[in-house]
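Please treat every number below as a calculation from the coordinates, not as lab data. Remember, it's a predicted structure, so these values are computed and weren't measured experimentally. In this analysis, Cβ positions are derived from the backbone assuming ideal geometry, glycine residues included, and neighbour counts consider all displayed protein chains.
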Amino acid sequence: MKPLEVGESLPFRDGGERHVRMLNDLEFDIGEMSLSTFIMAVARDPDLPIVGIPSFPRRFFSGGQIYVNPDAGIKKPQDLTGKKVGIHAFQVTLSVLAKGDLKLQYGVNWEDIDWYCMKDEVVPIDLGDDVSMQMIDADKDIGVMLMEGEINALISPQPRKSMLAAPDRYRRLFDDTRAEDVRYFKEFGFWPIMHIMTMKRDLADSRPDLAPAILDMCDAAKSLAYSYYDDSNYALLAWSRNALEEQRELLGADPWTSGLKANRKNLEQFIGYSHDQRLIDEPFPVERLFHESVLDT
């Protein structure tokens, strides 16, 4: 691929494709990637030409991202057992997190659910014959499938666009999602990671100052974003400052923590989820995810 000219850009159809283009095509020197896909890639290739930087630009609690059909008889997490549940793909980070959280906290075994996927897996997987998983037709909308009862529940980062026009045809699994999220944070001590920053290994090796500099740059950008809440003229939300103060009270001064040390527990738990869900052969130390220049962060 020829180098870009000044002012030239690479087109994107949607944000999700950047993971494939970074992992499979090495199209970017530095790029954001799905945590789950990156963990799988690291586990399978000890010489992976991509390394991680412990900056995590996307996070979600899983509890608030589980939607159910109101007629499916699902009142509590345990009612998901034996049901048809839609996901973007089996290895999508939110899917792995939700499956792991449901099993760890509520005893809902992911093996006892019928999974319906809307996208192909970025990294090929083989779950065995005892797992029910199927692709939905390309012309189907998984949000419509939920509302019409073809599937009973859906794990998705925010409602699908098709769902927003008919809010009476679905509801969240947990009536009080904020209380569920706060309970999770108090129990585990973190806001779960979805995405991780990565870069080409040869670039990180040749410029050992670069990965730490990128980490510092991401932290500076975060500080700048926080500063906008000090001036209400920047916010479209009437109570944005109130929301920030409430978040700080419930989740601490900065739940967007960067660095390896502050996120070790989070990463170790997710690697364990990946192993339990047959996405990696065995757990491995979190240090394998990162370039040596950022291990002491």
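In table form, for the structure just shown:
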| item | result |
| --- | --- |
| Neighbourhood charge, 15 Å Cβ-Cβ cut-off, centred on Ser206 and excluding it, Lys, Arg +1 and Asp, Glu -1 | -2 |
| Computed FRET value (nearest 0.05) for Leu104 with Lys261, which takes r as the C-beta separation and R₀ as 25 Å | 0.60 |
| Beta bridge orientation in the chain: antiparallel %, DSSP, nearest 5 | 60 percent |
| Antiparallel bridges, percent of DSSP beta bridges restricted to the stretch 63-188 (to nearest 5) | 35 percent |
| Table column - 3J(HN,Hα) (Hz), the stretch 278-283, Karplus curve with 6.51, -1.76, 1.60, x for Gly and Pro | 6, 8, 9, 6, 7, x |
| Cut-off under 5 Å, modelled amide H: who pairs with Leu173 long-range | Ile66, Tyr67, Val68 |
| Calculated FRET efficiency for the pair Ala179/Leu203, C-beta based, R₀ 45 Å, to 0.05 | 0.55 |
| 5 angstrom amide H check on Met135, placed H, neighbours 5+ away | Cys117 |
| Projected label distance in nm at Tyr229 and Ala243, using a 7 Å step from Cα toward the beta-carbon | 1.0 nm |
| Computed label-point distance, nm, for sites Asp25 and Asp219 using a 7 Å Cα→Cβ extension | 3.4 nm |
| The chain: relative contact order as a whole-number percent, Cα under 8 Å and 6+ apart | 29 percent |
| Mean-position separation - Cα centroids, the stretch 174-209 and the stretch 273-296, in angstrom | 14 Å |
